[in-house]
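Participant: Structure below; questions to follow.
The values are calculated or read from the model by the stated rules, or taken from the named source; none is laboratory data. All values derive from a computational prediction rather than experimental measurement. So basically every Cβ, Gly included, is an ideal-geometry build from the backbone, and we count neighbours across all protein chains shown. Please note that ligands, DNA and RNA were not included when accessible areas were found on the heavy atoms of the full protein model with its side chains. Shrake-Rupley method; radii C 1.70, N 1.55, O 1.52, S 1.80 Å.
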Amino acid sequence: MTTLQSNLLENHTPTGREEAWRFTPLKRLAGLHDGSATPEARNSLALNGASQSGVTFTRGAISAASPSDDSIVNRIRNYTSDGATLSIEKNTIVESPIFLNRSSGGVDTAELSRVQIKVGEHAKATVILENTGDTHLAEDVEIVLAPGSDLTFISLQEWGAKTVYAATHNAIIDRDATFKAIHVTIGGDVVRILPKVEFVGPGASADLQGVYFATAGQFFEHRMHVDHAVPHAKSNVNYKGALAGDKAHTVWIGDVYIRAAAEGTDTYELNRNLLLTDGARADSVPNLEIETGEIVGAGHASTTGRFDDEQLFYLMSRGIQEADARRLVVRGFFNEVISLIGNEEIQERLMARIDDELEKAGK
Amino acid sequence: MSTLEIRGLKVTVDTEQGVKEILKGVDLTIKSGETHAIMGPNGSGKSTLAYSIAGHPKYTITGGTVTLDGADVLDMSVDERAKAGLFLAMQYPVEVPGVSVSNFLRTAATALRGEAPKLREWVGEVKSAMEGLKMDPSFAQRNVNEGFSGGEKKRHEIMQLELLKPKFAILDETDSGLDVDALRIVSEGVVRAKEANNLGVLLITHYTRILRYIQPDFVHVFAAGKVVEQGGPELAEKLEANGYAEYVNA
C-alpha cells in the first residue's frame, strides 16, 4: 500500500512511470524536469502598486522553509539560493490586495525561481500573483503563515500560448492561521501546479479553491497535497474545470493525508469537470488516507460530465440562443469560484478570457 | 389576435424498453385571451404535450402539426419558439448554478426583445413583478432555481411569464407543491399576465383547485395520449366529483 505522506513524489529525474508524473507530458516540459533547460536569472516577479505599511518585498538569499521531495523544486534549490521574499509584518492588517506581477522573459531560456511569502503573527493580507506572457518557468513558492495569521493567496495563470509553468505552491500553516487559496488556470501550453498544505500547528484551516479551462492542445495539471500532521485542522478543496477542443487535457489529483496525530481533522475535497466537446480528457483522482479514526469528517467527491441538456433547454426556452445559453452555463460554472476573488476588474477580465476561449473552441 | 393550433400531434419517446408512443393524435386550438385547462390522470401524456410544444429534445414528433398564426412551430429551434411567443412554465424548473436570477432574466429579455432593456425601466419592471408575487428583493441575487423551495420555483416561473410577455403560456402543473397562499399568489400572477397581454393559457393540472383562481373557458380531458372529452368549466366540476375513472377504463 502506498502512502500519501510525500504526495508520492520521488526525488529523481522523472521518467513518466512515477505515480506523480504519470499524466504529465514530460516532452513538453521544456527540460524543466531533467535539467536540460538553459537557466537565466530573470527576477521576473515584482511588487506592483503603492507601497503599504508593514509590507516589504526584497530579493536575496532565502533558505527553504520546508524540505521537498519534488525533483523540480530540488533542481531550483540546487541552482540558486536567491529569491524574492514578500513579508507582511506581524499584527499588520493590509487593507488593499498586494499585487505581484510577472514580466515574462520568453521561451528561449528558462527561469528557475524561488519565492517566499511570509505572513507574521496575526497579520492579515491578500496576495494576488498575476502570471501573464510567455515563459518557461519552474518555481518554488513557499507560503509561511505564522500563528493566527490570515492570508488569501490568489494565483492567476493567464499565460500566453507558449508558456510552460511547473510549480509548487506550498503553504506551511501554523496554529490557528487561516489560509485561502484561489488558483485560476486559463492560459499556457503546459501548466503543472502542486498546491500543497502542511499544517504545523493545531486549529488552522486551509481552503483551496480552483478553476481551470483547457482548450485544444493545452495541458493543465493541479496536484493537491494536504498533509494533516497535527490535530484540529480543517481543510476544504474545491476545484472546477472545463475542457473544450481536441486534446485538451486536465489532471486534478487531490491527495489528503490524515496522520495518526491529526485527531479532530475535518476535510472535504471536491473536483468537478465539464467536458464541453469530444476529444478532451479530464483525469480526476481524489486520494484520502486516514491513520486515525478520531476525526470530525473526511470526504471527497469527483464528477466529470458533459453539458447538461436540461439547463440548455431551460435557458433556450426563454428565448436565449444556444451559443449564449452555453456561455451563460459555463460562466455560471466558473463564477462560483471566480466570484470569491472579490475584485470586479479581475473577475471581469477572467470571464472575458473564458468567453473568448469558449468562442474559439466553438468554431 | 393569435392562434396556437395543434393538429393530430403524435409524439414518441425513447425508453429502455424501446420507442413508446405517448401522444396519439392531439387536436387543440387556443386563441389569445382564452384559458384552456387540460386535465387528466398521471401518465396520460399531459407533460409530454407541454414539452413537445416547447421543443424538448427528448421527444420525437412522429406526426401532426403545431402552428402559431400559421407559422410551423415544430420547425423552430427551442429559442425560436420562445421568440415566436411561446412560454412553458415548468413543473420542475432546472437549476443553473452560478447564474443569478437577475442576469438570467435580463439575458432572456434581451434575447426576446431584440435589444437590452433600458436599465432603469428594467429594474422597475423586475421590482414590480417581484412585488406582485410577494418575493423578497434578495431573490434576484440568488442563482437560478438553486436551493429554491417548490413555491419559490413556481413564483420564479410566473415572474418570467409576467416579464417576458409571451402570446401563449403552457403551465405544466404550476399548482403542484403549492400551499393555499402560494397558489393564490401564483394564480394572481397568471391572471395579471392574461389581462396585461391578452395571453392565451394552456393550463395543465390534475386538480380543480387552481381553476377557482384561473377560470378556464374550456376544459379538455386528457387520457392515454389524446383529448377524450371537451366542455366548459362545468366539466371540471364533474371531474372533481367523479375522478378520471370513466376515461381511464374506457
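Participant: Quick check, is B:ASP136 open to solvent by 70 Å² or more (accessible area, probe 1.4 Å) and either in contact (Cβ under 8 Å) with a residue 60 or more places away in the chain or of a type in the set (Val, Ile, Thr) (or both)?
Facilitator: It is false that B:ASP136 is open to solvent by 70 Å² or more (accessible area, probe 1.4 Å) and either in contact (Cβ under 8 Å) with a residue 60 or more places away in the chain or of a type in the set (Val, Ile, Thr) (or both).
Participant: I'm trying to understand the selection: among the residues of segment B:60-106, which are within 10 Å of another protein chain (Cβ to nearest Cβ), more than 18 Å from the chain's Cα centre (by Cα) and in a strand (DSSP E or B)?
Facilitator: B:VAL96, B:PRO97, B:GLY98, B:VAL99, B:SER100
Participant: How do the pairs read when you match residues in segment A:196-218 that are farther than 20 Å from A:HIS300 by Cβ and touching a residue at least 12 places away in the same chain (Cβ under 8 Å) with residues anywhere that are polar (S, T, N, Q) and crowded, with 22+ Cβ neighbours inside 10 Å, using Cβ under 7 Å and keeping only pairs 6 or more apart or on different chains?
Facilitator: Within 7 Å, the pairs are A:ALA214/A:THR250.
Participant: Considering each of B:VAL201, B:VAL186, B:VAL219, B:VAL227 in turn, give the residue that is under 30 Å from B:ALA84 (Cβ atoms) and either in a helix (DSSP H, G or I) or free of Cβ contacts under 8 Å to residues at least 24 places away in the same chain (or both).
Facilitator: Exactly one residue qualifies, and that residue is B:VAL186.
Participant: Continuing with this model, one more query. With touching a helix residue (DSSP H, G or I) at 6+ places or on another chain (Cβ under 6 Å) and either part of a strand (DSSP E or B) or on the phi < 0 side of the Ramachandran plot (or both) as the only criterion, which of A:LEU86, A:LEU100, A:LEU112 stands out?
Facilitator: Result of the check over A:LEU86, A:LEU100, A:LEU112: A:LEU112.
Participant: Determine which single condition B:THR65 fails, assuming it passes every other condition in (1) in contact with a Lys or Arg (Cβ under 7 Å, 6 or more places away or on another chain); (2) open to solvent by less than 40 Å² (accessible area, probe 1.4 Å).
Facilitator: The single condition B:THR65 does not satisfy is (2).
Participant: Give just the number: which of (1) in contact (Cβ under 8 Å) with a residue 60 or more places away in the chain; (2) assigned to a strand (DSSP E or B); (3) within 14 Å of another protein chain (Cβ to nearest Cβ) does B:ALA50 not satisfy?
Facilitator: If we test B:ALA50 against (1) in contact (Cβ under 8 Å) with a residue 60 or more places away in the chain; (2) assigned to a strand (DSSP E or B); (3) within 14 Å of another protein chain (Cβ to nearest Cβ), just (2) comes out false.
Participant: While we're looking at this one, here's another question. Would you tally the residues in segment A:274-321 being outside any strand (DSSP E or B), of a type outside the set (Gly, Ala, Ser) and either touching a helix residue (DSSP H, G or I) at 6+ places or on another chain (Cβ under 9 Å) or open to solvent by 60 Å² or more (accessible area, probe 1.4 Å) (or both)?
Facilitator: Here the count works out to 19.
Participant: Go through (1) in a loop (DSSP other than H, G, I, E, B); (2) in contact (Cβ under 8 Å) with a residue 40 or more places away in the chain for A:ARG175 and report which single condition fails.
Facilitator: All conditions pass for A:ARG175, except number (2).
Participant: While we're here: Within segment B:32-59, restricting attention to residues that are over 15 Å from the mean Cα position of the chain (by Cα) and open to solvent by 10 Å² or more (accessible area, probe 1.4 Å), which residue is nearest to B:THR12 (Cα to Cα)?
Facilitator: Ranking the qualifying residues of segment B:32-59, first place goes to B:TYR59.
Participant: For B:VAL99, which of the numbered conditions (1) within 23 Å of B:ARG184 (Cα to Cα); (2) open to solvent by less than 10 Å² (accessible area, probe 1.4 Å) fails to hold?
Facilitator: (1)
Participant: For segment B:107-139: of the residues being in a loop (DSSP other than H, G, I, E, B) and either within 20 Å of B:ALA193 (Cβ to Cβ) or over 24 Å from the mean Cα position of the chain (by Cα) (or both), which is farthest from the other protein chains (Cβ to nearest Cβ)?
Facilitator: The residue in question is B:LYS134.
Participant: Given the criteria under 19 Å from A:GLY210 (Cβ atoms), within 12 Å of chain B (Cβ to nearest Cβ), of a type in the set (A, V, I, L, M) and under 20 Å from the mean Cα position of the chain (by Cα), does A:ILE338 qualify?
Facilitator: Yes.
Participant: Here's another thing I want to ask about it. If I ask for residues that are among the polar types (S, T, N, Q) and either more than 20 Å from B:GLY177 (Cβ to Cβ) or surrounded by fewer than 21 Cβ atoms within 10 Å (Cβ to Cβ) (or both), which ones from segment B:139-162 would you list?
Facilitator: B:GLN141, B:ASN143, B:SER149
Participant: Out of segment A:14-46, which residues are open to solvent by less than 60 Å² (accessible area, probe 1.4 Å), within 24 Å of A:GLU130 (Cα to Cα) and not in a loop (DSSP other than H, G, I, E, B)?
Facilitator: If the condition is that a residue be open to solvent by less than 60 Å² (accessible area, probe 1.4 Å), within 24 Å of A:GLU130 (Cα to Cα) and not in a loop (DSSP other than H, G, I, E, B), then A:PRO39, A:LEU45, A:ALA46 are the ones that fit.
Participant: Would you check which residues across segment A:82-95 are surrounded by fewer than 17 Cβ atoms within 10 Å (Cβ to Cβ) and at pLDDT 95 or above and list them?
Facilitator: Those that are surrounded by fewer than 17 Cβ atoms within 10 Å (Cβ to Cβ) and at pLDDT 95 or above: A:ASP82, A:GLU89, A:LYS90, A:ASN91, A:ILE93.
Participant: Let me ask something else. Scan segment B:105-116 and give yes if some residue there is modelled with pLDDT under 95 and either buried (at least 16 other Cβ atoms within 10 Å of the Cβ) or under 18 Å from B:ALA50 (Cα atoms) (or both), otherwise no.
Facilitator: No: zero hits.
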